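I have placed the structure first, in the form of structure tokens, so that the comments after it can refer back to it.
The values are calculated or read from the model by the stated rules, or taken from the named source; none is laboratory data. Keep in mind the model is a prediction, meaning the values are calculated, not measured. Virtual Cβ from ideal backbone geometry, glycine too; neighbours counted across all protein chains shown.
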Amino acid sequence: MQGYLEQSNKTSLIFKIFVIFVLFILYLSSLYSYLLFHTLVEIFSICIAFTVFVLTWNSSGYIKNNYLLLIGTAYLFIGVLDLFHFMSYKGMPIFWDYDYYANQIGLATQYLGGITWLISFFFLKKQNHINKYIIFAIYLLLTALILHSVFVSKIFPVCFVDGVGLTPFKIYSEYEICFIFTIAIYVLRRNRDVFDKKVYHYLNWSMIFTILSDLCFTRYASIYGFTNMVGHYFKIFAFYFIYKAIIKNGILESYELILREFKMNEKILSEENEKFRNEAIIDGLTGLFNHRYLYDKLEEEKCRCERYQGTFSIIMLDIDHFKLVNDSFGHLAGDEIIKSIANMIKNHIRVTDIAGRYGGEEFLIILPETKLDSAVVVAEKIRMVAANTVFVHDVKLTVSGGVSEYQGEKVSDLVKSADHKLYTAKKNGRNRIEYE
């Protein structure tokens with residue numbers, strides 16, 4: 001754990017150094033050419049916006065938060081508008097008929113972003129997933145209308161005038177956008193319990209830096225000025241935090257959560273399968289193997305002996321006069337005695353031996369790699385322990401048994417042999433083991 005924390009801190013320090021280095025490079029680029037600085041900032045923002053959309057769109061089946069899903073979808077169109085803002089910036093040799101399309105597109109993008117952040121709260125606690133195709137279509141239409149109003153019909157109000165600076169419409173609109181984001185921050189705070197703690201903070205910081213960016217965009221007198229540059233720095237931070245919120249924590253950690261759930265479900269399924277398997281092969285009363293499993297193991301032992309020229313023996317045990325116990329003390333007392341005999345058998349056989357409840361008060365023990373005489377010793381030990389045990393209600397009981405060694409016959413014949421010897425033991429007075 002200590003090593004993990006040290007590695008995490010080291011990674012965090014390296015990342016902070018990298019961020020400082022990138023910001024410094026951006027500053028140097030602004031000294032060389034403001035247009036280069038603006039280009040780098042916008043490319044960063046566009047890449048983040050498109051990445052947010054692609055991962056959100058393809059992860060929509062896993063994202064349970066409609067708020068993040070709506071914002072993630074909207075960022076495709078925010079990225080598209082940022083692309084036109086970048087291409088129409090003064091100095092870019094693309095749109096020659098007017099130098100300040102970028103101001104209009106930038107303002108429209110900020111409006112679209114602010115309204116998106118605000119209306120997304122209406123979908124926050126909805127149980128059903130929003131239809132991403134309808135959301136996509138709505139934003140596609142809005143983006144087309146914005147681009148048409150700027151480039152085609154040119155009805156979008158002027159935002160910057162040479163020699164004058166920002167128009168009142170541009171300034172008041174920026175304040176209005178700041179107000180929209182302020183309300184969004186307030187609503188986010190009221191619903192902070194819906195979000196992961198980290199996601200909440202990242203969303204909060206993204207909107208704060210957006211507000212700071214918009215405030216800077218109300219103060220510049222030149223599109224190449226210092227205030228405009230600071231506003232673009234704040235824009236970088238705003239996009240960085242939305243990336244952290246939606247991609248790093250909202251999606252990637254959701255995948256990790258899904259994987260953890262899969263592993264947990266796999267573990268639960270494995271446990272359930274093991275439970276069902278045990279129920280299929282284990283006798284519920286004694287905890288020994290059941291009749292079916294005993295025959296499966298007998299067949300396995302037979303195949304093993306045929307292949308390796310080995311041998312094994314079996315012991316068939318039966319509780320003497322068991323019916324009298326049920327008649328005198330009831331079936332519950334009889335069950336307790338059967339469980340006691342089962343535990344007795346478990347305690348006097350090897351780990352490699354297989355003991356099961358053959359049926360009723362009968363037990364079968366399989367002893368791999370065991371000759372007849374050694375099997376008889378095991379059977380006699382169990383018989384003597386049973387004879388010297390006082391069971392429930394001070395009952396004293398004995399067991400009888402038959403022992404047979406595998407000689408190449410069928411499994412059914414081997415069991416019949418042991419059962420016949422058990423019958424002989426009963427006939428000869430009980431409380432005895434027959435093996436010849």
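Can you find even one residue in segment 418-425 that is of a type in the set (D, E, K, R), free of Cβ contacts under 8 Å to residues at least 40 places away in the same chain and in the same structural domain as Glu300 (by TED's automatic domain parsing)?
no
With the checklist (1) under 47 Å from the mean Cα position of the chain (by Cα); (2) in a helix (DSSP H, G or I) in hand, flag the one item Ile130 doesn't pass.
Unmet condition: (2).
Has segment 81-96 got at least one residue that is in the same structural domain as Thr227 (by TED's automatic domain parsing), farther than 21 Å from Thr51 by Cα, acidic (Asp, Glu) and surrounded by 15 or more Cβ atoms within 10 Å (Cβ to Cβ)?
So far as segment 81-96 goes, no, none of its residues is in the same structural domain as Thr227 (by TED's automatic domain parsing), farther than 21 Å from Thr51 by Cα, acidic (Asp, Glu) and surrounded by 15 or more Cβ atoms within 10 Å (Cβ to Cβ).
Please verify whether Ser400 is on the phi < 0 side of the Ramachandran plot, out of contact with any Phe, Trp or Tyr (no Cβ under 8 Å at 6 or more places or on another chain), of a type in the set (Gly, Ala, Ser) and surrounded by fewer than 17 Cβ atoms within 10 Å (Cβ to Cβ), treating the condition exactly as stated.
It is false that Ser400 is on the phi < 0 side of the Ramachandran plot, out of contact with any Phe, Trp or Tyr (no Cβ under 8 Å at 6 or more places or on another chain), of a type in the set (Gly, Ala, Ser) and surrounded by fewer than 17 Cβ atoms within 10 Å (Cβ to Cβ).
Residues checked against (1) charged (D, E, K, R); (2) part of a helix (DSSP H, G or I); (3) over 32 Å from the mean Cα position of the chain (by Cα):
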| residue | (1), (2), (3) |
| --- | --- |
| Val150 | no, yes, yes |
| Pro157 | no, no, yes |
| Glu176 | yes, yes, yes |
| Ile185 | no, yes, no |
| Leu188 | no, yes, no |
| His201 | no, yes, no |
| Met207 | no, yes, no |
| Ile211 | no, yes, yes |
| Met229 | no, yes, yes |
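Which one is surrounded by the fewest Cβ atoms within 10 Å (Cβ to Cβ), of the residues in segment 30-63 that are at pLDDT below 80 and among the small types (Gly, Ala, Ser)?
Gly61
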